[in-house]
Every structure is written in C-alpha cells, then in structure tokens.
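Single-structure report; data block below.
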Amino acid sequence: MLILLGGMARNLTENRTRNTLIVIVIFGLCSFFYILGAWQKSGSGGGDKTHKWVLEQIKCAQLPNLSFETHHSASNLPNDTGSSKIEPFKPCDEQYTDYTPCEEQKRAMTFPRDNMIYRERHCPPDKEKLYCLIPAPKGYVAPFRWPKSRDFVPYANVPHKSLTVEKAIQNWVHYEGDVFRFPGGGTQFPQGADKYIDQLASVIPIAEGKVRTALDTGCGVASLGAYLLKKNVLTMSFAPRDNHEAQVQFALERGVPAYIGVLGSIKLPFPSRVFDMAHCSRCLIPWSGNDGMYMMEVDRVLRPGGYWVLSGPPIGWKIHYKGWQRSKEDLRNEQRKIEQFAQLLCWNKISEKDGIAIWRKRLNDKSCTMKQDNPKGGKCDLTSDSDVWYKKMEVCIAPLPEVNSVSEVAGGQLEPFPKRLYAVPPRITLGSVPGFSVQSYEEDNNLWQKHVKAYKKTNNLLDTGRYRNIMDMNAGLGSFAAALESPKLWVMNVIPTIANTSTLGVIYERGLIGMYHDWCEGFSTYPRTYDLIHSNDVFSLYQNKCQFEDILLEMDRILRPEGAVIIRDKVDVLVKVEKIANAMRWKTRLADHEGGPHVPEKILFAVKQYWDIAKTSS
C-alpha cells in the first residue's frame with residue numbers, strides 16, 4: 001500500500017514539474033516572438049531577412065510529416081456541426097443503373113408530345129427522389145484514356161447494343177468482342193467525320209482559332225465533336241434520351257462533351273452570343289416549323305459573325321429526295337421556309353454544296369435592319385440575356401448590343417484561340433458583368449493558378465490524363481478550367497442558376513464551354529460520366545435552398561467509380577459534407593487552405609470507391 005502511495009506521489013510531482021516546464025517554455029516562446037516582432041518593426045538588424053528565415057525553417061520542419069487533416073476539429077465548431085450521425089446510404093436497385101432523374105422515361109411519357117415537351121427536363125418531386133447510391137453495371141471498368149477512348153468503349157460500361165444494329169450502315173458504332181468501336185461515322189457522313197470537317201473547313205475558318213466553341217444539335221454519339229477536337233474546337237453536343245439508346249452516354253464515355261437535351265419549348269441553357277458555330281447534321285429538328293422559333297433560338301446563342309451548318313434534309317433534295325422517301329414539293333417547300341427565316345434573321349448564305357448549307361450570322365443589328373412586316377419576327381424584349389432557365393422559347397429575334405458602325409462586331413471582337421483564353425473578355429472590358437473589372441478578372445486568374453498548383457501537390461494526377469471529363473460546379477469566371485487547359489481534358493463549367501451574377505458569357509468568351517444548372521435538381525447526364533468534380537462554395541451557396549444530401553447524391557451519381565472530388569468551402573460546411581460523403585462510401589481527407597491553418601476556408605479531397613452490382617449482391 002505504501003509503495004503504491006509513493007508511486008502516486010512521484011507521478012503527481014512529475015506531472016506538476018512537466019506542466020510547470022510547459023508553461024515556462026510557452027511563456028519563453030511568446031516573449032521571444034514578441035521581442036522579435038518589435039525588433040522587426042523597429043527596422044533594426046535586417047528584420048525582413050529574419051522573418052523570411054523563420055518562415056523557411058517552419059516550412060522545412062513541416063515537410064517530413066505533412067498532414068492534410070484540418071486544424072479545426074468538429075468539437076470547436078458552432079451549432080453542434082459534427083454531432084449528428086449519418087446512416088450509410090444503401091445501393092439502389094439494379095434497375096436504376098442508368099437512372100437520369102430529370103429525363104426518366106416513365107415520367108416523360110406523361111407529358112405532351114407537342115414540341116418535344118415530353119423529352120425536356122421533368123424532375124421528380126421531393127417525395128419521389130431516390131436516397132440511395134446508383135450502382136455501376138456488373139463488370140464496370142475504368143474507361144480507356146484519351147485519345148483511345150474516342151474510338152473504343154468497354155461494353156461492360158454501356159451494355160446497350162441497339163445502336164450497333166440501327167446505325168450499322170452509317171458507321172456510328174460497332175460491337176467487337178468486349179468493346180464498342182466508333183469508326184467516326186455519322187448519318188450524314190458515313191465515311192467519317194474527318195472528311196466532313198474538311199468540307200466545312202473549306203468555307204469556315206475552323207483551323208485558324210476563330211472557331212473555338214461549337215454547338216451540335218441532335219449529336220448522335222458526338223463523332224463530330226470528337227473529331228473537331230483535333231482542330232482545337234470544343235463542341236457542346238446534345239441529344240434527347242429517346243429510342244436511340246444511350247447516345248449521349250456513349251459520347252461522354254468516349255471523353256467528348258455532351259448532355260441530354262432537346263430543342264423543344266424551353267430555351268437552351270446558355271446565355272446569348274456564345275457559340276462560334278452551330279451545327280445540325282440530319283438532326284430531325286423541324287427548322288421550318290413553329291414560325292422559325294428554333295432558328296431564332298440558334299440565332300440567340302450564336303455569336304455575331306458565327307456560322308450555322310445544316311446538312312441532310314432538305315438540303316440537297318434534288319439529288320436525294322428518293323432516298324429520303326419524300327416528294328420534291330415537300331422538300332422544296334421546307335427549304336424555302338428555312339431560307340425565308342434565314343433572311344428574316346439577316347443571315348448570309350455563304351455556301352451550299354454536296355448536301356451542306358452554311359449561313360453566317362450578321363455582325364450587328366446596324367448592318368441589317370430587321371424586317372418588321374412579319375409580326376412574329378420582331379425583336380425580343382430581353383431583360384437579361386442569361387434569364388433562360390425553364391423559360392419558354394419565343395418567336396422573336398434576340399437584339400444585339402449597340403455598335404457605332406456597320407463593320408463593328410456587336411459585343412466586341414474576340415481573339416483567336418488560344419490567345420482568347422487569357423485575353424480580357426469583351427464582357428469584362430465593356431462592364432457588362434456587374435461586380436467584375438479588368439483588375440478583378442486578372443486577380444481571379446492568378447488566384448486559381450495558385451489554387452490549382454496547390455491541388456496538384458495533393459493530387460499529382462490532376463492534369464496527366466487520368467481525369468478526362470471534369471466538372472466545375474460553380475465555375476465563376478472559368479479560371480479553374482483555364483488553369484487546367486490541356487488537350488488531355490475538358491471542363492464542363494456550370495453556373496448555378498441562383499448565383500448572384502451570371503458569368504457564363506465570360507467563360508465562353510475565353511474559349512471554354514459550360515451551361516446553367518440548379519444543383520437542387522439532377523444534372524442532364526447519365527450516371528458515371530465525369531472523372532473529377534470540383535466544387536467551390538457550392539454548399540454555402542445552397543445552404544438554405546436544398547439538402548446537402550441531394551447535391552452529394554447527385555455528385556455520386558454522375559461521378560465514375562474511383563473518380564475524384566475537390567470541394568472548397570467553409571470549414572463548418574465541410575464537416576457536414578464529409579460526414580455525408582463517408583456515408584456514400586467515399587474516402588475523404590480534409591485539408592487546410594494553402595494559405596495556412598488559420599484560414600477558415602478548407603478543402604475536402606475525396607475518392608469514390610469502386611463497387612458494382614455484383615459486389616453489392618455478394
């Protein structure tokens with residue numbers, strides 16, 4: 001007993017001594033740095049050099065045991081941020097492997113077929129939302145790396161063969177063993193996209209950097225967009241989810257930008273004046289119908305001086321009318337109406353040859369006075385050229401910014417790409433984007449170059465080709481995408497519809513692509529179509545709009561197995577996000593801001609774990 005008491009006494013004495021020593025050390029360090037600071041401010045003894053030396057020593061001391069864990073623990077956060085427990089999310093049923101929440105087939109069939117309304121976005125109400133994890137198909141494997149992915153897709157990833165039968169003679173896609181092979185053909189160019197693009201390039205300055213952003217309406221498996229990448233042209237391709245099974249899914253699996261969409265009754269999710277070229281190759285869009293409404297919508301999104309390409313019916317009807325199984329009169333009338341609408345829009349037809357017609361949009365409204373004899377062809381009353389989300393398409397012509405002469409490009413002249421990537425966009429120069437100036441634009445570029453450099457220290461695969469399809473959920477001025485710009489990857493720059501300022505027009509003026517979206521809803525894409533997702537302040541932006549679970553489950557749906565996530569946000573928000581992410585089988589690591597542990601903004605790095613239907617059932 002005495003021995004035990006003696007041992008306890010010694011421990012108490014040692015603890016007191018240790019505590020006293022710690023207090024003395026801390027007091028001594030505080031005194032030292034106080035005196036050091038006073039010495040530096042006094043200007044004596046080369047304070048700047050001493051300060052730099054101290055920082056270098058701290059930096060060196062941290063490197064051997066670098067930790068990406070945050071210095072802000074959940075216990076120190078307000079409102080019991082980290083106290084609630086999240087139950088693990090279960091896998092969804094196998095039938096949801098290709099689930100697209102806002103283009104779900106059963107729901108679509110309950111809507112009118114007029115103007116393709118039933119193929120537009122129709123998202124489920126809250127009570128019908130899925131709160132489970134979308135499974136990958138059995139045998140899912142990592143896609144081939146670009147450029148091999150352009151030509152080959154593993155069958156296990158998109159196990160749908162119908163297009164190989166329906167489009168066999170048009171060279172869309174062939175099934176060969178365990179892979180699909182894409183020869184580069186299309187309905188209007190069965191011999192391959194390269195030859196077709198050469199035909200376009202004989203009229204349009206595609207190879208000069210003047211055409212950088214393109215829109216392909218009714219894209220099929222996006223072979224045009226895939227081969228335009230060789231010309232450094234970024235194409236936003238879209239097609240509906242219809243009986244042509246998985247066409248957009250194939251496009252994204254190939255590593256080509258695409259989304260599920262249709263020209264129906266709702267405006268396209270882009271601001272005005274953003275594409276250098278728009279294209280339709282037998283896309284089955286009724287251009288001659290609805291009083292020219294669809295051509296007017298193309299005119300809205302086409303940049304002044306931009307090009308519209310139409311190939312297939314009715315172009316070349318004199319030669320092909322028998323093969324199209326339509327009468328000469330029917331096809332002649334259809335082309336006549338298209339020509340009339342083009343004149344109404346002041347488009348100049350610059351070529352019609354070999355079944356391909358090309359028009360060029362007017363440079364400004366001064367150069368061609370709008371015809372007012374058509375009461376349905378007047379100018380649109382636009383309060384904002386970015387107010388398009390779920391807004392009805394109109395039979396009117398979008399006005400262009402005012403100019404001083406007939407030769408001036410409305411909205412400003414763009415530099416050829418790649419110079420336009422960092423040139424100050426005209427929308428910034430002209431003060432068209434509230435809250436942004438030339439100086440703040442340049443500062444934003446510098447900031448994101450630093451951010452991306454810091455990301456690469458954590459994930460050194462960022463720009464190696466490991467991640468081909470990248471999404472930026474809140475893209476701002478597009479500086480994240482600009483810092484990553486490489487032929488090895490492309491970025492879908494999303495501007496949330498609830499953002500204070502629309503900057504998507506600026507993004508396009510930089511030669512990048514993107515679209516509007518509301519993250520309380522499902523994105524218009526198939527599951528497993530993005531390799532990396534970047535989120536900057538998305539959760540803070542949506543904090544009082546919808547549940548974090550809704551956004552994270554949607555991110556999980558569109559992210560490939562073993563795909564990566566980078567989430568930048570406030571620390572209290574990220575602690576909540578990390579708990580949900582862990583419940584979704586993500587591996588996470590919360591890291592300090594590159595500016596140091598005392599910056600309240602942190603970065604959450606995550607990797608989605610691999611699992612598929614087979615592993616779930618076992």
Lone unmet requirement of (1) assigned to a loop (DSSP other than H, G, I, E, B); (2) open to solvent by 10 Å² or more (accessible area, probe 1.4 Å); (3) over 23 Å from Pro257 (Cβ atoms) for Asn474: (3)
Residue match in the stretch 344-355 (condition: assigned to a helix (DSSP H, G or I), out of contact with any Asp or Glu (no Cβ under 8 Å at 6 or more places or on another chain) and not hydroxyl-bearing (Ser, Thr, Tyr)): yes
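Mind counting the residues in the stretch 273-302 that are in contact with a Ser or Thr (Cβ under 8 Å, 6 or more places away or on another chain) and on the phi < 0 side of the Ramachandran plot?
The number of residues fulfilling the criteria is 13.
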Residue in the stretch 373-384 that is in a loop (DSSP other than H, G, I, E, B) and of a type in the set (A, V, I, L, M) present: yes
The one condition in (1) out of contact with any Gly (no Cβ under 7 Å at 6 or more places or on another chain); (2) within 23 Å of Val211 (Cα to Cα); (3) open to solvent by less than 80 Å² (accessible area, probe 1.4 Å) that Lys353 fails to fulfil: (3)
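Restricting the stretch 307-318 to residues that are over 23 Å from Trp172 (Cβ atoms) and in contact (Cβ under 8 Å) with a residue 24 or more places away in the chain, which is least open to solvent (accessible area, probe 1.4 Å)?
Checked the stretch 307-318; the qualifying residue least open to solvent (accessible area, probe 1.4 Å) is Trp308.
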Test: Tyr175 is of a type outside the set (D, E, K, R), under 22 Å from Phe523 (Cβ atoms) and not in a loop (DSSP other than H, G, I, E, B): no
Extreme residue, surrounded by the fewest Cβ atoms within 10 Å (Cβ to Cβ), among residues of the stretch 367-397 that are within 30 Å of Glu485 (Cβ to Cβ) and at pLDDT 95 or above: Trp389
The lone exception for Ile428 - which of (1) in contact (Cβ under 8 Å) with a residue 40 or more places away in the chain; (2) surrounded by 14 or more Cβ atoms within 10 Å (Cβ to Cβ); (3) part of a loop (DSSP other than H, G, I, E, B) it fails: (3)
The stretch 398-417, subset buried (at least 18 other Cβ atoms within 10 Å of the Cβ) and of a type in the set (A, V, I, L, M), residue farthest from Arg360 (Cα to Cα): Val403
Scope the stretch 216-237; condition surrounded by fewer than 24 Cβ atoms within 10 Å (Cβ to Cβ) and under 20 Å from Asp531 (Cα atoms); matching residues: Leu229, Leu234
Subset of the stretch 95-140 that is assigned to a helix (DSSP H, G or I) and of a type in the set (S, T, N, Q) - its residue that is surrounded by the most Cβ atoms within 10 Å (Cβ to Cβ): Asn115
Long-range neighbours under 7 Å by Cβ, at least six apart or interchain, first residue closer than 18 Å to Tyr259 by Cβ within the stretch 109-125, second acidic (Asp, Glu) and open to solvent by less than 60 Å² (accessible area, probe 1.4 Å): Arg119/Asp242; Arg121/Glu103; Cys123/Glu521
Residues satisfying the stated conditions in the stretch 144-169, i.e. more than 23 Å from the chain's Cα centre (by Cα) and without any contact (Cβ under 8 Å) to a residue 12 or more places away in the chain: Val165, Ala168
Cross-chain or 6+ apart pairs with Cβ under 8 Å, the stretch 456-478 first and farther than 25 Å from Tyr516 by Cα, then in a loop (DSSP other than H, G, I, E, B) and among the acidic types (Asp, Glu): Lys456/Asp463
Segments classed as helices (runs of 4 or more DSSP H), wholly inside the stretch 535-618, with at least 1 members that are open to solvent by less than 40 Å² (accessible area, probe 1.4 Å) and under 18 Å from Ile86 (Cα atoms): 538-541, 548-558, 571-583
Scope the stretch 286-306; condition of a type outside the set (Gly, Ala, Ser), crowded, with 19+ Cβ neighbours inside 10 Å and within 21 Å of Thr187 (Cα to Cα); matching residues: Trp287
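The values are calculated or read from the model by the stated rules, or taken from the named source; none is laboratory data. Source: prediction; values computed, not measured. Heads up, the Cβs are rebuilt from the backbone with ideal geometry, glycines too, and the neighbour counts pull from every protein chain shown. For accessibility, only protein heavy atoms count, side chains too; no ligands or nucleic acids. Shrake-Rupley method; radii C 1.70, N 1.55, O 1.52, S 1.80 Å.
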